[in-house]
1. For A:I249 and B:N80, FRET efficiency with R0 = 35 Å and r from the beta-carbon atoms, rounded to 0.05?
2. Check which residues have an amide H placed less than 5 Å from A:G208's amide H, if you skip close sequence neighbours.
3. For segment A:138-207, what's the relative contact order in percent, using C-alpha pairs closer than 8 Å and at least 6 residues apart?
4. Output the direction-averaged projected area (hull surface divided by four) of the convex hull of the alpha-carbon atoms of chain B, in nm².
5. Considering Cα pairs under 8 angstrom that are at least six residues apart, work out the relative contact order of segment A:307-360 and quote it in whole percent.
6. Once R0 is set to 30 Å, what does the formula 1/(1 + (r/R0)^6) return for the Cβ-Cβ distance between A:A401 and A:T256, expressed as a FRET efficiency to the nearest 0.05?
7. Please work out the Cα center distance from segment A:323-388 to segment A:163-242, rounded to the nearest Å.
8. Filter A:K37/A:K106; A:K194/A:K443; A:K106/A:K194 down to the pairs with a C-alpha to C-alpha distance above 26 Å, please.
Amino acid sequence: MQAASNTLAKNPLINPERTYADLTNDVCAPLEKFPTKTWYLAFFGALTILGIGALAVGITIARGIGMWGLNIPVGWAFDITNFVFWIGIGHAGTLISAILYLFRQKWRTAINRSAEAMTIFAVMTAGLFPVIHTGRPWYAFWLFPYPNHRELWVNFRSPLVWDVFAVSTYFTISLVFWYVGLIPDIATVRDRAKNKIRRVAYGILSLGWRGSARNWTHYEMAYLLLAALSTPLVLSVHSIVSFDFAVSILPGWHTTIFPPYFVAGAIFSGFAMVLNLLVIARKVFKLEDYITIYHLENMNKIMLLTGMMVGYAYIIEFFIAWYSGNIYERFAFINRATGPYWWCYWTMMTCNVLVPQIFWIRSWRRNLVVMFIASLLINVGMWFERFVIIVTSLHRDFIPANWGMYKPTMYEIGMLMGSFGFFLTFFLIFCRLLPTIAVFELKAIMKFKGKEEGELYA
Amino acid sequence: MHKEKGVMALFDDPERLLEATERVRKMNIEYMEAYTPFPVHGMEHAMGLKRSWIPWATLAFGLSGAALAFFFQVWTSAINWPINVGGKPYISWPAFVPVSFEGMVLISGLLTTLVLFIVCRIPNLTKPVFHPRITDDRFGLLVERMDPHYNETELQKIFKECDAKEVKTIM
């Protein structure tokens, strides 16, 4: 009753009628029965586009990257655009799992598991592109410093080497963080197992976790520390990705605004992707009681915020290009907006700056169809952002004699499609095999027998 | 040391578990362990557990990781095969910051997890699961028979008063 008179009363994070056992049942149910038709349909759809991508990659590797539209002056295009796009997608997962955890945002617990899974699959997808771009992916290990008979080391002053370290660390730590978070939930699935194979398989994966109080004390501390390590890590990764550009001297790339601008954009696009996945997953797996409209609304608010940060970056970048008095810099930006790739620039502007503005309206923030379409458009816009940054800066640099145009070939488009297939295939397998919601974390914030949530376990 | 034999009470409410734990502790019993589906806050206090020492290990790993990565870069770039890149100094330390940072995160993250596994004694697939609902919605408290203050009747009384749903003997 007191809560009703309190104007700042919190929205319930979970349908208050649910008990601990309901939560366990609802989250584990999709893992314990045969997949639905929808799942099979989605899975074969994903496999099909993965196949198209595999074909494109196979031909590229067999015949060389001359199959792509790359040439001087545009030596980076779809491959690096896709790389930055997918790495960015991953960042929302870490933001949700680590940064919101440190800020004690309790609503994050319902969505962090699937968001972290998305991070891992997105980083795996991203990692493919630089490796394929090397042209001879079997030599990709040359990127790491290892003792070799040539006695050469990598050049540690190169941002591309920093990137190798940043992305591989990011993948490793995200995977560890995700797995540590999964251990207690895998133990739950193990204890519900009806047959021996499941019991043994989940038993091994759960490492024999039994939830003793002494273990929980250390567990919670280690989890907090991993969150604390992941937080600067996620900021460093996209900053270092932006150094790939910012450390060069190319107009349009050589700007100090890049690291924060890239990080905001990464979180922006990542949230859009999490939202797209969750709107579908909560429906398909009947998790509406746990991933409520309130969660989705909060995500939309973050998209509105980061969308405006990105919009601010676009505008200030333009302003500084004019204000600097540097004719090359000024040209690079005017060329972006009015040159041959103008439509890419304005797609980016519309999707990233205008579209999120609809989230000022509460009823649209809470409308599934509206948010789904808006997130799709934001993903399109963020892909174009990277394309615009990379291609429009390269195609016309200092001397008009160096200018050129870039057009993707069908192999590059096939690889872009294939990357979605790769990502979705992994995500769909994850939804079948592991709990998509962090059951134990959600139980810890649940209301129990009329007590206010968080009161007991704040 | 711990044989995990004794009496186990299963509650359906974390508050009743806390209450029972506090009362068992008042009997001066030390050999007890709670098994819960999620970390019940207040449990460390009720059982008299100390704060985890893992952060100190993480700090040490983080510093060593950063130092290792930094000096590896110095050694490869300035000592093992000095190469002049764009006229920069051999030890161009600002350029070594990103990789040193990643070294810190990688090494401390991995070793923290390893330490967690060691202190939790996992992986361990041989120890029994006392009750399948402990990872679902039951909160178990195990009191070991080997404790010098173990008193079966007194414990049964506490468990009953704290509304235990089930009390079982672990042989």
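Read-outs: derived from the displayed coordinates by stated rules, not from any lab. Everything numeric here is computed off the predicted structure, so don't read it as measured data. Neighbour counts are summed over all protein chains in view; Cβ atoms, including those assigned to glycine, are modelled from backbone coordinates with ideal geometry.
1. On the way: r = 30 Å, r/R0 = 0.84.
Here the calculated transfer efficiency is 0.75.
2. Residues meeting the criterion, in which the H sits 1.01 Å from N, are B:N124.
3. With pairs under 8 Å counted, the relative contact order is 20 percent.
4. Across all orientations, chain B yields a mean hull projection of 13.7 nm².
5. Contact order relative to length: 41 percent.
6. Details: r = 29 Å, r/R0 = 0.98.
That pair, A:A401 with A:T256, gives E of 0.55.
7. If we compute the Cα centre of each part, the gap is 35 Å.
8. Those over the limit are A:K37/A:K106; A:K106/A:K194.
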